[in-house]
1. For the residue pair residue 24 and residue 266, what label-to-label distance in nm results when each label sits 7 Å from Cα along the Cα-to-beta-carbon direction?
2. Per DSSP H run of n ≥ 4, the term is -39500 (n - 2.57); total these for the chain, divide by its residue number, and report the mean residue ellipticity at 222 nm rounded to 500 deg cm²/dmol.
3. Report the Cα centroid-to-centroid distance between the stretch 172-220 and the stretch 96-145 in angstrom, as an integer.
4. Between residue 235 and residue 108, what FRET efficiency comes out of the Förster formula 1/(1 + (r/R0)^6) with R0 = 22 Å and r the beta carbon distance, rounded to 0.05?
5. Determine by what factor the alpha-carbon radius of gyration of the stretch 125-195 differs from 2.2 N^0.38 Å, reporting the quotient.
6. With only alpha-carbon pairs counted, each pair once and no self-pairs, how large is the Kirkwood hydrodynamic radius of the stretch 287-386 in angstroms?
7. What percent do you get for the relative contact order of the chain when only Cα pairs under 8 Å and 6+ apart count?
8. After finding the eigenvalues of the alpha carbon gyration tensor for the stretch 19-409, what semi-axes result from the square roots of 5 times each, listed largest first in whole Å?
Ligand code: HEM
């Protein structure tokens, strides 16, 4: 039943880990939207590439995560013996109500608009200190030296990770994202995932002990206390959700800053417009999120038979992959040349933070971090040049879309 639609040139319509797909997925998305908008992949999942279906699936109660069943279908019954998959099964991101509601309820207060607004001075301070150190050098890697440091520091602050423990996170490998891709991992990749997961667990167990002995005003203390209460959170859920918050809290934001800076420098008219009108930054961030989202896809499972979704029948238990990056370029919603970066585009409202009950908890935080990082950089280094804006090096993952390096110079 797994039809594998090919183009005239014989390529697959959806081969998301192919280097050319990673380099520029947007022409492939256009082909999917116009030729087979509910494409069935070789791995047996439907790919919703139009905004209408992707957005509906995220919000419709007939769809859910059903993570364990979905993963067993993809990998076979033994997969839940692998620690990295077991740990992930406890993420709120992979849970359906009522567990999802319980887990999200334990942390949601830390992400209210007010709490996040209050972080502005701290975010500005981190960006300023980073630039104070870098500006005299005349060159940097915008990813490793600039974009990476801010979100990691902020999530370490939020989790109460002591400053003296942070170097290991600044040196982090950022290889964990592969598990989110819609192409099954190889045994070697699973082994690497297990090793990374074991290291993270070892560190966070130490942090839990520290916060039990000396509680702080941070998310780890909050969750450790909820776990001690006994009824709100199991020990496995505690560890898994701290790992989720740490990962979700930085990788995506690093990539928003990196992808946004690349987009601006590839569109010098938009860069000049933003420099001349710095107050456009808030809308520019929405446009960066739409134009080249740092999260390209998220999935759901049909919890019942769906008679018609974009012309296809989706049987109960089948997966639908919502292509956020493609929905963001759908001319049905963005009639004014969606392939163009336009920081003045009205009503952007990208699907990049998802929708429905799993809508990104960190959306406002990510927006503010990117806003302060990019506007401060443009102000302090007005003659910043990218050394290779034409063919930069992308990370080899698909769901988390971002650059490995983005060398820049000035002066
Ligand atoms: C540009 C930055 C970011 C993007 C594009 C992004 C994207 C997303 C998306 C698409 C989802 C929903 C996935 C789904 O529906 O299956 C999500 C969920 C989530 N995000 Fe983000 N995110 C970003 C930043 C952050 C930050 C900074 C944090 C935390 C500090 C965070 C924490 C979370 C959490 C905990 C969830 C799970 C929510 C739930 O399941 O209820 N994210 N994010």
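Only the coordinates and a few stated rules stand behind these numbers; no lab work does. The structure presented is a predicted model; accordingly, all values stated were derived computationally and were not measured. Reconstructed Cβ throughout: ideal geometry from the backbone, glycine too, with neighbour counts over all protein chains shown.
1. The modelled label-to-label distance comes out at 0.7 nm.
2. Details: 17 runs with 195 residues, N = 411.
That calculation yields -14500 deg cm²/dmol at 222 nm.
3. 19 Å
4. E(calc), rounded to 0.05, equals 0.55.
5. Details: Rg = 15.7 Å, N = 71, 2.2 N^0.38 = 11.1 Å.
So the stretch 125-195 has a normalised radius of gyration of 1.41.
6. On the way: mean 1/r = 0.0625 Å⁻¹.
Evaluated on the stretch 287-386, it is 16.0 Å.
7. Averaging sequence separation for qualifying contacts and normalising by length gives 26 percent for the chain.
8. Values: eigenvalues 190, 168, 71 Å².
Working from the Cα gyration tensor, I get semi-axes of 31, 29, 19 Å.
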